[in-house]
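Novice: First the structure, which I've put down as structure tokens, then a few questions once you've had a look.
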Ligand SMILES: [Mg+2]
């Protein structure tokens, strides 16, 4: 069995920064004054890590441990209203065709490996009509380190399909490549989001792409990897 572990933001879709807007509204509401969003770099970061950085660096309230959970909860409440308000979001090229082409293919399974909270990830995918393609997912709830999310994904893949399961991690940042390599997955990097082609190349993914290719080419390359 080949399990495709998809990252969400920058890989499957682009929300036109709906997540950032929901995040900053939640943070400013809880903090009580405007904050400087430019201090945050979201790409490839997990939501719990972004929460900690927001509390420590934007709010200067390090050590105030009650804030991060409130922030994450409020973000999840605000995200549904921001997704439709950010009108320039889109599904990345060839994503829908690739998900569709492999959806009923024996020997393949779509799953998620994401730094999103489960509720946030589901909301984003549902907004762009992609949610139903994914059989299961490894999310960031309570897991700030991406490599640990990848370890959860491997454990779940092995529980479902046995030790011979073959993992592919598809993502748009060096963090995706790093966490995929950490669990023995083949890494597929797409320069459609948080990192340039050249930056991704320095992290030596198994397959580096400007964007997802035509599904035929994609499936051909994966089929040639014997299980
Ligand atoms: Mg991403």
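Nothing in this text is a laboratory measurement; each read-out follows from the coordinates by a stated rule. As the structure is a computational prediction, the values presented were derived from the model and not from experiment. Note that each Cβ is placed from the backbone with ideal geometry, even for glycine, and that neighbours are counted across all protein chains shown.
Novice: Once both labels are modelled 7 Å past Cα along the beta-carbon direction, what's the residue 1-residue 141 spacing in nm?
Specialist: If labels sit at residue 1 and residue 141, their model points lie 2.1 nm apart.
Novice: Oh, and also: Work out the FRET efficiency for residue 62 and residue 152 from their Cβ-Cβ distance, taking R0 = 41 Å, and round it to the nearest 0.05.
Specialist: Here the calculated transfer efficiency is 0.90.
Novice: Okay, moving on. For the chain, what's the relative contact order in percent, using C-alpha pairs closer than 8 Å and at least 6 residues apart?
Specialist: Averaging sequence separation for qualifying contacts and normalising by length gives 27 percent for the chain.
Novice: Mind pulling the per residue volume of the convex hull built on the Cα atoms of the stretch 1-126? Å³ is fine.
Specialist: Normalising the Cα hull of the stretch 1-126 by residue number yields 109 Å³.
Novice: R0 = 41 Å: FRET efficiency of residue 225 with residue 37, Cβ-based, nearest 0.05?
Specialist: 0.50
Novice: I would also like to ask the following. Restricting to the chain, what percent of DSSP beta bridges are antiparallel, rounded to 5?
Specialist: Counting only bridges with both partners in the chain, antiparallel ones make up about 10 percent.
Novice: Across 10 Å bins from 0, what is the distribution of all Cα-Cα pair distances for the chain, in whole percents?
Specialist: Histogramming the chain at 10 Å steps yields 8, 34, 36, 17, 5, 0 percent.
Novice: To the nearest 0.05, how large is the calculated FRET efficiency for residue 103 and residue 198 if R₀ is 25 Å and r is the Cβ-Cβ distance?
Specialist: Efficiency computed from Cβ-Cβ geometry: 0.15.
Novice: Now a separate question. Averaging over all projection directions, find the projected area of the Cα convex hull of the stretch 1-67 and quote it in nm² with one decimal place.
Specialist: Over all viewing directions, the stretch 1-67 projects a mean Cα-hull area of 5.8 nm².
Novice: Right, next: How far apart, in nm, are two points set 7 Å out from the Cα along the Cα-to-Cβ line at residue 182 and at residue 85?
Specialist: If labels sit at residue 182 and residue 85, their model points lie 3.4 nm apart.
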